[in-house]
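A.B. asks: Take a look at this one; I'll ask things after.
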Amino acid sequence: MKLSRTATLTKSAVGASLMLGCCLLAPIAAHAAQPQCSVEKLQGRYVFTGQGTNLHYGAFDFDGTGKFLGKQTSLRHKVALQRENLSGTYTLDADCTGTMVLEGQQGGTVFVTSDGKKGRMIRTDSGTTGVRTFEQ
């Protein structure tokens with residue numbers, strides 16, 4: 001069976017459109033498939049360093065439900081303090097940003113990688129500056 005030139009061109013155009021559509025939509029589908037963040041994204045032990053007004057080194061243990069415990073050693077006013085116990089709460093929105101509040105402090109903004117393996121907390125309470133970087 002012999003196809004007309006119009007039919008051949010139509011089939012070629014449809015095939016090219018399908019191929020182009022797949023190429024253009026694949027990145028959109030891949031982006032949409034990225035995991036969303038929530039408090040469950042942070043679970044387990046993360047070591048951290050912190051600096052600002054003081055220096056801090058320690059570990060956070062996130063429970064995956066919005067609470068954490070930890071220990072740190074700090075250098076404040078050139079005096080090293082031994083282990084301090086930490087506790088607090090955190091939130092994570094779908095875009096992997098949220099809040100982190102150390103007990104007794106106002107806390108700060110937290111940014112977490114989409115795989116939940118690394119993060120940074122920026123202190124935003126009045127009179128204190130600092131950043132803590134943590135990773136699993």
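A.B. asks: Calculate, for Thr49 and Thr109, the FRET efficiency according to 1/(1 + (r/R0)^6) with r their C-beta to C-beta distance and R0 25 Å; round to the nearest 0.05.
C.D. replies: Approximately 0.90, to the nearest 0.05.
A.B. asks: Oh, and also: Could you compute the net charge surrounding Val101? Neighbours are other residues with a C-beta less than 14 Å from the C-beta of Val101; K and R count +1, D and E count -1.
C.D. replies: Values: positive: Lys67, Arg123, Arg132; negative: Glu103, Asp125.
In short, +1.
A.B. asks: Using 18 Å as the cut-off for backbone N distance, which residues of segment 70-112 belong to the label zone defined by a point 7 Å from the Cα of Ser38 along Cα→Cβ?
C.D. replies: 90-99, 112
A.B. asks: Per residue, how large is the accessible surface of segment 78-136? Use a 1.4 angstrom probe and give square angstrom.
C.D. replies: 60 Å²
The values are calculated or read from the model by the stated rules, or taken from the named source; none is laboratory data. Computed from a predicted model, the values in this text were never measured in an experiment. Positions of Cβ are generated from backbone atoms using ideal geometry, with glycine treated the same way; all protein chains shown enter the neighbour counts. Ligands, DNA and RNA are excluded from the accessible area calculation, which covers all protein heavy atoms including side chains. Shrake-Rupley method; radii C 1.70, N 1.55, O 1.52, S 1.80 Å.
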